[in-house]
Structure formats: structure tokens, C-alpha cells
Amino acid sequence: MIKLNGDPYEVAGPLTVAELLARLDVDSRRVAVEHNLAILKRETFDRTRIADGDEIEIVNFVGGG
Amino acid sequence: MDTFTIAGKTFSSRLIVGTGKYSSPAVMVQAHEASGAEMITVAVRRVNLDRTKESLLDYIDASKYFLLPNTAGCYTADEAVRTARLGREVGLSNWVKLEVIGDEKTLFPDNEALLEATRVLVREGFVVLPYTSDDPVVCRKLEDAGAAAVMPLGAPIGSGLGIQNANNIRIIREFARVPVIVDAGVGTASDAALAMELGADGVLMNTAIAGAQAPIAMAEAMKLAVRAGRLAYLSGRIPRKMYANASSPVEGLVGR
């Protein structure tokens, strides 16, 4: 179990950030990801491993003023 | 050509527009087009995990518009800094429209926290455009902290009340060595024109266009108003006088 965008999220076994994004159908070129409060560089998505209890935030741009 | 430059980047349009509150993406796209704006603000929010295929970026041509991520909704310097960093990491801009809100009802800025966040982000190489009170002293402090422009409010965000303290905007312009962008409070075209006539270098708005009954036409009205106000400012208006001063000759009247 991890915390994803503030909510509990079940992950079956270890996975990378890139794998999580693929599983969520999120285009990695259009988001920023925070892993346990550290912002990740996009190049590191496929080698950053997510462990049980980790906190992940995935953000993108939405309408605003 | 009357251009203006922020942190070395030159714009020919002095109107900056938002992407919030539009009835549909199609209306937003056409309003952006009609506004002639070159810089567009966006907000940074959690991805909606139920609708991950939807993206605002599908509707914004990043080769045509310069994106300005904001930190709207942040109430502390830490939150704003975190949001700014995330916005930068999306990868389209190291610029930030920095907002640190101090009050929920008025959305007035917390200028103390704003200054703190400005200092942190300037140190990290951000181009910081802080949304601030219409207070010349605060604007000067922000400039001293390294802000690339100052963005005093005309009136509360989304209020459409127009420029509430015209004299302060004038003083801010006189004091500032960086561009002054009136951000928030515009309700209609004359408000935007007034901001420019007071000497603002630009105007930033969202609700005045997105919330109008005909947003695309209002976007065009704002484009013209900003241009008209700017031209009037550059042209040097006549002094105000108490009494009349005839435009037609007083000599040669028939029958006298």
C-alpha cells in the first residue's frame, strides 16, 4: 500500500515510478512527480523504485488564473 | 514596436490571460486567440486519477504561448515553493506567478510569506512574478528580493470591481524598476484601459474574460483596451481642469 495523491493505493509488488505512471495511463511528459516529498527528474522515473508506505504525488497543469 | 520585457524575454502583447473557468476548452482556445495574448497562466494540481487522459496541454499550443504556472491556492510560503518547484518540473517554464494567499474570503496576499517564498525561489533560479497587494512599499521589497516583475492587484481576484486604488498603481509604477502588471480585479475593458493609462506595463486577467457572457468577444475587447490604454499613456493626456476650454475659435462668430 502506498499513498498516491493523498489517498491509499494498492500496489501489487515493487514497481518503478515509470511503471506506476504507465499503469495509471498517465503521460509522463506532462506531469511532475514527487516521491516522499522529493521532486523527481523525469529521467529518473524508470529507475526510481516505489516501496510500501511511500508517498507519491503526481501533478499536472489545469485551468487557472 | 511597443514591446515589453520581463527577465530578458520580450512580449509584444501586454495582456496576460488565464485558463480557468471556461465553459469549454474550445471557447478557451478561441478566447486566447482573440486576446492576442502571448503569455498564459495555468495552475498546478494533482492529476485526476479517474480521468488521466484529459490534459489542459491538449488545448494550448506551447510553441505559440508562453506558459506561466501559478501557485494559486497556497496559504504558506512552503506550499507555494513546493508548488512552484512541481510546476517547473512539468518542464515548460522556470517562471512562476507566485501567490501566497492570506485570507480565504478576499484572497488577499500574505505579503510576509510572499516575500519569503520570493527569496527562496529567486535563489533557486526561478523567474518570480509575485501577485501582491497594491502597496508600493511591499512592491519595492519584492523587487529588492529579486522579483522579475511585480503584480499588484487592482481589486480582489474574480471580483470584477476594477482598479480600486488608482493612485497606488501610479506610485508603484513610479517606484518600480521592474515591469508592473496589474493582476486581478478587472471586470470590463475600461478597467484594463485604466490600468494601462496609469502606467502599468501589462494586465493579467482570467475571470473577466472566462466569465463574460461572450468570452471570445470580451477577449478581443480586452486586447483593444490594453492597447488603447497603453497608447493613451504614451501619448500624454491633457491636464484635468475645473472649467470649460472651448475647442472652436471664439472669434469670427456670425452676427457679432
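The values are calculated or read from the model by the stated rules, or taken from the named source; none is laboratory data. Just so it is clear, the model here is predicted, and its values are computed rather than measured. FYI the Cβ positions are ideal-geometry reconstructions off the backbone, even for glycines, and counts take in every protein chain you see. With ligands, DNA and RNA removed, areas are computed over all heavy atoms of the protein, side chains included. Shrake-Rupley method; radii C 1.70, N 1.55, O 1.52, S 1.80 Å.
Tell me, which residue of region B:94-119 that is within 14 Å of chain A (Cβ to nearest Cβ) and farther than 20 Å from residue B:159 by Cβ is most open to solvent (accessible area, probe 1.4 Å)?
This residue is B:94.
Filter region B:74-108 for residues that are more than 22 Å from residue B:47 (Cβ to Cβ), among the β-branched types (Val, Ile, Thr) and under 20 Å from the mean Cα position of the chain (by Cα) and give the result.
Of everything in region B:74-108, those that are more than 22 Å from residue B:47 (Cβ to Cβ), among the β-branched types (Val, Ile, Thr) and under 20 Å from the mean Cα position of the chain (by Cα) turn out to be B:100, B:101, B:106.
Which of the residues belonging to region B:214-229 are part of a helix (DSSP H, G or I) and away from chain A (no Cβ under 14 Å)?
Across region B:214-229, the qualifying residues are B:216, B:217, B:218, B:220, B:221, B:223, B:224, B:225, B:226, B:227, B:228, B:229.
Give region A:26-38 a look and list any residue that's facing chain B (nearest Cβ under 10 Å) and closer than 15 Å to residue A:5 by Cβ, or say none.
A:26, A:31, A:32, A:33, A:34, A:37
Within region A:15-62, how many residues are touching a Lys or Arg at 6+ places or on another chain (Cβ under 6 Å) and hydrophobic (A, V, I, L, M, F, W, C)?
Here the count works out to 3.
Which residues, counting only those in region B:11-47, are hydroxyl-bearing (Ser, Thr, Tyr) and more than 12 Å from chain A (Cβ to nearest Cβ)?
B:12, B:13, B:35
As an exercise: evaluate residue A:57 against (1) more than 9 Å from every other protein chain (Cβ to nearest Cβ); (2) out of contact with any Leu (no Cβ under 6 Å at 6 or more places or on another chain); (3) closer than 23 Å to residue B:67 by Cβ and give the number of the one condition it does not meet.
(1)
Just give me the residues in region A:23-49 being part of a strand (DSSP E or B), closer than 23 Å to residue B:55 by Cβ and hydrophobic (A, V, I, L, M, F, W, C), in sequence order.
A:32, A:33, A:39
Among the residues of region A:6-22, write down those that are within 14 Å of chain B (Cβ to nearest Cβ) and either surrounded by fewer than 17 Cβ atoms within 10 Å (Cβ to Cβ) or in a helix (DSSP H, G or I) (or both).
Those that are within 14 Å of chain B (Cβ to nearest Cβ) and either surrounded by fewer than 17 Cβ atoms within 10 Å (Cβ to Cβ) or in a helix (DSSP H, G or I) (or both): A:6, A:7, A:8, A:9, A:10, A:17, A:20, A:21, A:22.
Of all the residues that make up region B:121-137, how many are more than 11 Å from residue B:150 (Cβ to Cβ) and either touching a strand residue (DSSP E or B) at 6+ places or on another chain (Cβ under 8 Å) or buried (at least 18 other Cβ atoms within 10 Å of the Cβ) (or both)?
Residues flagged as more than 11 Å from residue B:150 (Cβ to Cβ) and either touching a strand residue (DSSP E or B) at 6+ places or on another chain (Cβ under 8 Å) or buried (at least 18 other Cβ atoms within 10 Å of the Cβ) (or both) within region B:121-137 amount to 4.
Please report, ordered by residue number, the helices (runs of 4 or more DSSP H) entirely within region B:166-213 with at least 2 residues that are of a type in the set (Val, Ile, Thr) and crowded, with 19+ Cβ neighbours inside 10 Å.
B:166-175, B:207-210
Taking the stated definitions as given, is residue A:32 under 21 Å from residue B:60 (Cα atoms), within 12 Å of the chain's Cα centre (by Cα) and at pLDDT 95 or above?
In short, yes.
Are any residues in region B:18-33 part of a helix (DSSP H, G or I) and buried (at least 18 other Cβ atoms within 10 Å of the Cβ), and if so, which ones?
Answer for region B:18-33, where residues must be part of a helix (DSSP H, G or I) and buried (at least 18 other Cβ atoms within 10 Å of the Cβ): B:28, B:31, B:32.
Inside region B:69-93, can you point out the residues that are modelled with pLDDT of 95 or more and facing chain A (nearest Cβ under 10 Å)?
If the condition is that a residue be modelled with pLDDT of 95 or more and facing chain A (nearest Cβ under 10 Å), then B:69, B:70, B:71, B:72, B:73, B:82, B:83, B:85, B:86, B:87, B:88, B:89 are the ones that fit.
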